[in-house]
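Here is the structure we will look at.
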Amino acid sequence: MVSYKELGLSNTREMFAKAFKGGYAIPAYNFNNMEQIQAIITACVETQSPVILQVSSGARKYANPTLLRWMGKGAVEMMKELAKAKNLKEIPIALHLDHGDTFELAKSCIESGFSSVMIDGSHHPYDKNVELTKQVVDFAHQHDVTVEGELGVLSGIEDDVVAAKSVYTSPDQVEDFVKKTGVDSLAISIGTSHGAYKFKPAQCTKDPKTGVLVPPPLRFDILEEIEKRIPGFPIVLHGASSVATEYVDMINKFGGKLEAAVGIPEEQLRKAAKSAVCKINIDSDGRLAMTALIRKTFAENPGEFDPRKYLGPARDALVKVYKAKNENVLGSAGRA
Ligand code: G3H
Ligand code: 13P
Ligand code: ZN
């Protein structure tokens, strides 16, 4: 057993308490490889933002669980060095399991140094979700690891779980769920979804000036009702990428084919970050930026075969994306 405390990581308890009070959200960025983790740490140190490094079970399989765990430790060491070199404060970093689906997976992450885990029982019937979540909470809390549960179903792809249709979180269930399970935060479904195709064009209106598809607003009425039932409790938004036209257009310009990709408008997320939403999950926006810059580099330099020459520009774009999120969307910049 390696405790996250030995690795210099933090759980999310204090991060969320401060975010709740301060009216901002902690960024939760997914990573699978070295360039992503370098970009996240650089952006968050330079904007002085706390951060949650998220690892899905797919990321664990892709990168190797042991290597990934030590990348968490490496991230802490890199953060310390960077902060010192730039005369900045050190930032709190959590290493979090994203969409854990079994007790065994959550336990394995906790034992290998994760400071926070999500147990996503949202696709199970309610009672089974409660039972599974409580089992993980009971184990995690013995090690001072924080736990995120989920109620309601997001459409899109969550690892191996594919939900075709979203089911909004029922405010009537949240109080009972939080009480019975003992979770530290709750992911809810109010209209966000995973991936780059969050809405069908038919659900959107077209901005007459820009031609950009504008999706229906998030269900802030449901969020407000949830806040009334569990006052002061940290809420999590998954599927919160904005799918910037800048990168979708760049991908399409340089040989890609992304049609009618639509994300969550930034002003909706800004509004959510000021409420009880304390954690906002972003993966697709990083994927799009990386892909765009890699495509551009190859299109402009077809003879290039040094990975540093195409992953480097991709990493620079990621830093830009994450800094802008912290500063302009989540409001986490300057909160370290
Ligand atoms: O919620 C899903 C995250 O974007 C992780 O995606 O399961 O493909 O690693 P992944
Ligand atoms: P996006 O696909 O919108 O980036 O959502 C990521 C996410 O929710 C990870 O858990
Ligand atoms: Zn998610």
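Summarising the label geometry, the points placed 7 Å from Cα in the beta-carbon direction at residue 298 and residue 200 lie 3.2 nm from one another. Tell me, which longest segment in the chain has none of the GluC sites (Glu not before Pro) that fall in DSSP loops with at most 13 further Cβ atoms within 10 Å? With GluC sites (Glu not before Pro) excluded where exposed in loops, the chain gives 7-258 as its longest stretch.
Net length available on complete extension from residue 14 to residue 64 is 15.1 nm, with 0.36 nm assigned per residue and the Cα-Cα distance removed. Straight-distance candidates among the lysines for linking to residue 253, with alpha-carbon spacing under 19 Å and chain neighbours fewer than 8 residues away dropped: 296.
For the chain, adding -39500 (n - 2.57) for each run of n ≥ 4 DSSP H residues and dividing by the number of residues yields -14000 deg cm²/dmol at 222 nm.
Counted by Cβ distance under 10 Å from residue 171, the other residues give a net charge of -4, where Lys and Arg count +1 and Asp and Glu count -1. List, in the order given, every pair from 84/134; 21/180; 179/325; 84/309; 73/271 whose Cα-Cα distance in the structure shown is over 30 Å. Exceeds cut-off: 84/134; 179/325; 73/271.
Can you tell me which of 73, 209, 253 moves the most in a GNM of the chain? Springs connect C-alpha atoms under 10 Å apart. Evaluated over the chain, the most mobile residue of the options is 209. Send over the Kirkwood Rh of segment 1-122, from the inverse of the averaged 1/r over different Cα pairs, rounded to one decimal Å. Roughly 14.5 Å, rounded to one decimal.
Taking every alpha-carbon pair within the chain, the share separated by more than 39 Å comes to 9 percent. The alpha carbon radius of gyration of segment 48-89, expressed as a multiple of 2.2 N^0.38 Å, is 1.38. With a Förster radius of 35 Å applied to the beta-carbon distance between residue 180 and residue 21, the computed FRET efficiency rounds to 0.85.
When you restrict to C-alpha pairs under 8 Å that are six or more residues apart and normalise by the size of the chain, the relative contact order lands at 22 percent. Note on 99, 194: ascending count of other Cβ atoms within 10 Å places them as 194, 99, the fewest first. In this rough spin-label picture, where each label sits 7 Å from Cα along the Cβ direction, the residue 87-residue 306 distance is 3.3 nm.
Since every read-out is calculated from the coordinates, none of them should be taken as a lab result. Predicted, not measured: the structure shown is a model, and the values here were computed from it. When we count neighbours, we look across all protein chains shown, and the Cβ atoms used for this are built from the backbone with ideal geometry, even at glycine.
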